[in-house]
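The structure appears below as structure tokens.
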Number of protein chains: 2
Amino acid sequence: MSSTRERLVDAMATSLARKGFAGVGVNEILERAQAPKGVLYHHFADGKTGLAIAAIRLSIERITASLTRKRAASADPIEALELWLEGMRQRLEASGFEYGCPLAATALEVHAEQTELRAALAEGFRALQAEVARTIEATGIPAPRALELAVFFVSAYEGALMQARVASDSTLLRGICATLLGLLRAEQRHVIPPPKERP
Amino acid sequence: MSSTRERLVDAMATSLARKGFAGVGVNEILERAQAPKGVLYHHFADGKTGLAIAAIRLSIERITASLTRKRAASADPIEALELWLEGMRQRLEASGFEYGCPLAATALEVHAEQTELRAALAEGFRALQAEVARTIEATGIPAPRALELAVFFVSAYEGALMQARVASDSTLLRGICATLLGLLRAEQRHVIPPPKERP
DNA sequence: TTCTCTCTAGACCGGTCAGTCTAGGGTGGG
DNA sequence: CCCACCCTAGACTGACCGGTCTAGAGAGAA
């Protein structure tokens with residue numbers, strides 16, 4: 001049995017991924033979590049914003065944990081990344097191209113005065129980049145370059161996810177993922193050249 | 001002297017780039033355009049949505065025209081792309097990391113039932129990809145591959161723009177742009193090898 | 001039992017939302 | 001001159017927004 005608080009955060013996380021911060025109403029969240037209004041303001045002193053921040057943290061925790069798990073289960077880190085991307089793509093498709101990145105929509109509509117929300121988003125992206133970078137490092141690519149690649153990886157993926165959403169078609173997303181994984185494999189081969197055949 | 005209609009569309013275009021569709025209120029638009037409410041519903045039968053669609057079309061028209069102009073002014077298409085990216089980055093910086101992509105924020109919060117808005121966004125991205133593809137083709141890279149690269153280019157740029165926004169820092173954006181332009185130059189060299197020196 | 005404290009509960013608040021309605025100004029044609 | 005028509009104008013509407021407030025349920029300690 002989940003607590004009311006957990007149900008609230010979970011409901012907010014889903015809604016943020018679907019329509020962003022401005023697009024979602026607290027009443028809608030409360031209804032989905034089967035909770036009255038007082039509960040929200042009991043658990044989160046600053047209301048909608050506080051709930052959104054908790055939801056962002058939860059989403060990032062889930063998404064990075066998923067990659068960690070995939071990495072632990074597979075000998076090839078790039079394959080782990082591939083499975084991870086595939087999982088997220090399937091969720092997008094299963095939702096009728098509604099469920100995108102849990103941070104992206106909010107990231108694009110937040111404004112400068114909402115400092116706490118912005119900080120949570122920035123921290124979320126940083127954590128995401130770091131987790132991807134850790135996976136890339138596991139291929140043998142050195143750390144600084146791995147981070148560079150991770151940032152590039154996240155950027156391209158986010159952009160592709162967005163375009164797949166509006167097009168209601170994931171072909172573009174599949175293509176971008178394949179290209180990204182291809183780039184990583186090429187870089188890996190360059191770093192650790194395959195053993196030469198000896199006659 | 002701009003017409004009331006033009007001022008409305010322009011104000012909406014700016015607001016969409018800053019906070020997306022759900023994040024902007026019509027009253028705010030009307031105030032910025034110095035127009036009363038009746039005008040909006042006179043020019044746009046379906047109100048906010050109609051205005052947003054017009055604004056999306058205007059934004060895409062402007063942004064593609066800007067690239068066309070840069071391409072006409074420069075002998076090197078990749079240099080044209082570079083200048084274009086630089087222009088957009090400067091606008092982001094000048095606005096205090098508020099003014100991002102005019103389509104992106106809306107793209108991530110629109111839902112399936114808003115078919116017209118979604119269609120306008122999809123068409124916008126298609127036009128943007130096509131214009132970038134045209135520029136890449138001008139480097140000598142064949143058309144199908146140029147489109148592939150353009151899609152990749154747009155994705156990575158959108159993702160980077162988003163991350164730059166939340167981080168209030170354009171270093172990441174600069175890096176991604178440099179990488180993208182590097183990839184294009186590498187591909188161009190591969191297609192048209194430089195003339196060999198003859199002793 | 002009784003006191004206390006955390007969490008639940010929902011009526012209620014002012015404000016703002018998108019959108020409607022009626023009236024009036026201005027300009028071109030007759 | 002006057003009529004017609006396009007555009008401007010803003011008061012107004014009901015719904016919904018995020019947020020507040022008071023009341024009470026329930027568990028644990030004494």
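Annotation: B:Tyr99 fulfils all but one of (1) surrounded by 15 or more Cβ atoms within 10 Å (Cβ to Cβ); (2) within 14 Å of chain A (Cβ to nearest Cβ); (3) out of contact with any Asp or Glu (no Cβ under 8 Å at 6 or more places or on another chain); (4) part of a helix (DSSP H, G or I); the unmet one is (4).
Among the candidates A:Arg7, A:Arg62, the residue that is closer than 27 Å to B:His111 by Cβ and away from DNA strand C (no atom under 16 Å from the Cβ) is uniquely A:Arg62. State whether one or more residues within the stretch A:159-168 are surrounded by fewer than 16 Cβ atoms within 10 Å (Cβ to Cβ) and more than 9 Å from chain B (Cβ to nearest Cβ). No: zero hits. Take A:Val24 and decide whether it is under 20 Å from the mean Cα position of the chain (by Cα) and within 16 Å of DNA strand C (Cβ to nearest atom). Yes; evaluated as a whole, the condition is true for this residue.
For the stretch A:10-45, taking the residues that are among the aliphatic types (A, V, I, L, M) and more than 10 Å from DNA strand D (Cβ to nearest atom), the one that is farthest from the other protein chains (Cβ to nearest Cβ) is identified as A:Ala35. Contact map, the stretch B:43-72: residues that are closer than 14 Å to B:Arg118 by Cα paired with residues that are away from DNA strand C (no atom under 16 Å from the Cβ) and outside any helix (DSSP H, G or I), Cβ distance under 7 Å, separation 6+ or inter-chain. Pairs shown: B:Ile56/B:Pro102; B:Ile56/B:Leu103. Of all residue pairs spaced 6 or more apart or on separate chains, those with beta-carbon atoms under 9 Å, a first member in the stretch A:1-28 that is at negative phi and free of Cβ contacts under 8 Å to residues at least 60 places away in the same chain and a second member that is among the hydroxyl-bearing types (Ser, Thr, Tyr) and buried (at least 16 other Cβ atoms within 10 Å of the Cβ) are A:Val24/A:Ser15; A:Gly25/A:Ser15; A:Glu28/A:Ser15.
Let's see how each residue does on (1) surrounded by fewer than 21 Cβ atoms within 10 Å (Cβ to Cβ); (2) over 26 Å from A:Gly23 (Cα atoms); (3) among the small types (Gly, Ala, Ser):
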position	(1), (2), (3)
B:Leu30	yes, no, no
B:Ile60	no, no, no
B:Asp76	yes, yes, no
B:Ser95	yes, no, yes
B:Glu109	no, no, no
B:Gln114	yes, no, no
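The combined condition, being more than 16 Å from DNA strand D (Cβ to nearest atom), part of a helix (DSSP H, G or I), of a type in the set (Lys, Arg) and modelled with pLDDT of 95 or more, is not fulfilled by B:Lys48. Restricting A:Thr106, A:Thr179 to residues that are more than 22 Å from B:Glu148 (Cβ to Cβ) and part of a helix (DSSP H, G or I) narrows the list to A:Thr106.
Annotation note: of B:Glu79, B:Glu61, the sole residue that is farther than 20 Å from B:Leu121 by Cα, away from DNA strand D (no atom under 12 Å from the Cβ) and more than 14 Å from chain A (Cβ to nearest Cβ) is B:Glu79.
Remark: pairs (first residue in the stretch B:170-188, away from every other protein chain (no Cβ under 11 Å) and among the aliphatic types (A, V, I, L, M); second residue in a helix (DSSP H, G or I) and surrounded by 16 or more Cβ atoms within 10 Å (Cβ to Cβ); Cβ separation under 7 Å; 6+ apart in sequence or on different chains) = B:Leu181/B:Ile78; B:Leu181/B:Leu81; B:Leu181/B:Glu82; B:Leu184/B:Ile78; B:Leu184/B:Ile136; B:Leu184/B:Leu149.
Exactly one residue out of B:Ala156, B:Ala146, B:Ala150, B:Ala122 is more than 13 Å from chain A (Cβ to nearest Cβ) and free of Cβ contacts under 8 Å to residues at least 40 places away in the same chain, and it is B:Ala146.
Considering (1) facing chain B (nearest Cβ under 7 Å); (2) in a loop (DSSP other than H, G, I, E, B), say which one A:Ile141 fails and leave the rest. For A:Ile141, the failing item is (1).
The values are calculated or read from the model by the stated rules, or taken from the named source; none is laboratory data. Only a predicted model underlies this, so the values are computations on that prediction, with no experimental measurement involved. Using ideal geometry, Cβ is built from the backbone for each residue, glycine included, and neighbour counts are taken over all protein chains shown.
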